[in-house]
Amino acid sequence: MPRIKTIEENVALPLALGPSAERDIPLPMGVVFHIVHSKLWHLIGWSDEASNSCGLWHKGMAVVLPRDRLIDLSIDLMHPAKGKGWVALDARLSGHAAPITLLQSGAFDPRALVWLQQHEAKLVDVFGQAIVINDHGSDC
């Protein structure tokens, strides 16, 4: 049974989908049905065994991952110093050296970190993975 959930309904999401987000990519039918009955600004998450996919959809774009290669999720953050810092929700995949960014802030934003912490339970429920927090210190 696919797990599909509206993670956020607020238009003021302090994060954006990661750089691998794409438009017009095939999504599982259950996800498409959920999207059709949602608002454009809703953040939708899913994990679907039948299609071997999981990911996030927001504002007409999606980050899609192979479900069977998902190792873990992490909230990664770097505090500003010489640079702007950042906050991100990353996924590690087997056979993929670098993490895939699902959600990110353009710069360190405490609202983004708080949002991720407040929505951690929903993300864990959708993806079936515990989330660890990696504080990378300051970007000096």
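Measuring between their Cα centroids, the range 1-15 and the range 41-95 lie 12 Å from each other. Per residue, the range 1-89 exposes an accessible area of 52 Å² to a 1.4 Å probe, with every protein chain left in place. Taking a cut-off of 29 Å between Cα atoms, list the lysines near K84, but don't count ones fewer than 8 places away on the same chain. Within the straight-line cut-off, K84 pairs with K59, K122. Under the criterion of Cα pairs below 8 Å and six or more residues apart, the relative contact order for the chain equals 27 percent. Only Lys, Arg, Asp and Glu carry charge here, each on its Cβ (+1 for the first two, -1 for the last two); on that basis the chain has a dipole of about 220 debye about its Cα centre. In the range 40-85, one over the average inverse separation of all distinct C-alpha pairs is 12.8 Å, which is the Kirkwood hydrodynamic radius.
For S138, what charge total do you get from the other residues with a beta carbon under 13 Å from its beta carbon, if Lys and Arg give +1 and Asp and Glu give -1? Net of charged neighbours comes to 0. For the range 4-49, the share of alpha carbon pairs falling in successive 5 Å distance bins from zero is 5, 18, 28, 31, 16, 3, 0 percent. Could you give the length gained by full extension between A12 and V124, i.e. 0.36 nm per residue of separation minus their alpha carbon distance, to one decimal place? Stretched fully, the A12-V124 segment lengthens by 38.1 nm. Other residues within the sphere of radius under 12 Å centred on the Cβ of I7, judged by their own Cβ, net out at -1 (K and R +1, D and E -1). Enter the mean projected area of the convex hull around the alpha-carbon atoms of the chain, in nm², rounded to one decimal. Taking a quarter of the hull surface, the average projection is 8.1 nm². All Cα-Cα distances of the range 99-140, cut into 10 Å bins from zero to the largest, leave 22, 57, 19, 2 percent in each bin in turn. Computed over the range 71-126, the P(r) tail beyond 12 angstrom holds 66 percent of alpha carbon pairs. Put a dot 7 Å past the Cα of R92, heading toward its Cβ, do the same for E49, and the two dots end up 2.5 nm apart.
The values are calculated or read from the model by the stated rules, or taken from the named source; none is laboratory data. Remember, it's a predicted structure, so these values are computed and weren't measured experimentally. Positions of Cβ are backbone-derived with ideal geometry, glycine not excepted, and every protein chain shown enters the neighbour counts. Heavy atoms of the whole protein, side chains included, go into the accessibility calculation; ligands, DNA and RNA do not. Shrake-Rupley method; radii C 1.70, N 1.55, O 1.52, S 1.80 Å.
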